[in-house]
Amino acid sequence: MKTIKVIVFLIFITANFSFAQEVIYNNEIYNVKGKTVYKNGEDMSEILSPEAQNEIKTRLKHIEKQAKQTRKNEKALKKAEKEKKQSEKELKKKEKAEKKLKDAKKSLSKAENKYASEYKKFEKLKNKGKLSPDDHEKWEKKFEKLRSNIEKTEKRLKRF
């Protein structure tokens, strides 16, 4: 919000300096075009003293210098904002990657825990003698599926 206020302020100042040919001297407004000084559209080069003309031209140069500095500041401000947006974008990208890594680790842990719990059930049934040859084949297929799931999650984890 603060940067927006600064930008608006700088734009306002730049708008004021966009008419850089206008110079106030002795509470009167003079326009400078090239080497000629005008007041209300009339050529004042012959009427004004050389010192007054030099003072008006010096003030004009000062105003132009300020306008140039303002433009430089605006450019620097825009560059800083662009860099800030870029760093925010990179930060979001890193956070997203970290979240994916965390999710992949969690998924691997879940798959390994499921395999371990299913294996315990299998061993328990096997020890009690409640497994038929058909059941044994079903359990082997189940274990193969769980192992392939673990391998897939490990591959995903390695990508990070």
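The values are calculated or read from the model by the stated rules, or taken from the named source; none is laboratory data. Since this is a predicted model, take the numbers as computed values, not measurements. Don't worry about glycine lacking a Cβ; one is built from the backbone with ideal geometry, like all the others, and counts go over all protein chains shown. When the accessible area is computed, the model is the full protein with side chains, heavy atoms only, and any ligands, DNA or RNA have been set aside. Shrake-Rupley method; radii C 1.70, N 1.55, O 1.52, S 1.80 Å.
Details
- Taking the conditions (1) over 30 Å from GLU28 (Cβ atoms); (2) in contact with a Leu (Cβ under 7 Å, 6 or more places away or on another chain); (3) open to solvent by less than 90 Å² (accessible area, probe 1.4 Å) in turn, THR70 satisfies each one other than (1).
- Hey, GLU140 open to solvent by less than 100 Å² (accessible area, probe 1.4 Å), touching a Leu at 6+ places or on another chain (Cβ under 6 Å) and of a type in the set (Asp, Glu) or not: no
- Restricting the first member to segment 140-160 and to residues that are in contact (Cβ under 8 Å) with a residue 40 or more places away in the chain and assigned to a helix (DSSP H, G or I), and the second to residues that are open to solvent by 100 Å² or more (accessible area, probe 1.4 Å) and not aromatic (Phe, Trp, Tyr), the beta-carbon pairs closer than 8 Å and six or more apart or on different chains are LEU157/LYS105.
- Cβ separations smaller than 8 Å between residues 6+ apart or across chains give the following pairs from segment 100-117 residues that are farther than 14 Å from LYS158 by Cβ to residues that are open to solvent by less than 50 Å² (accessible area, probe 1.4 Å) and not acidic (Asp, Glu): ALA111/LEU146; ALA111/ILE150; ALA111/THR153; GLU112/ILE150; LYS114/LEU146; TYR115/PHE143; TYR115/LEU146; TYR115/ILE150.
Per-residue answers, yes or no, for (1) open to solvent by less than 100 Å² (accessible area, probe 1.4 Å); (2) modelled with pLDDT under 95; (3) farther than 23 Å from PHE160 by Cα:
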| residue | (1), (2), (3) |
| --- | --- |
| LYS85 | no, no, yes |
| GLU88 | yes, no, no |
| LEU91 | yes, no, no |
| GLU98 | no, yes, no |
| ASP103 | yes, yes, no |
| TYR115 | yes, yes, yes |
| GLU118 | yes, yes, yes |
| PHE122 | yes, yes, yes |
| LEU125 | yes, yes, yes |
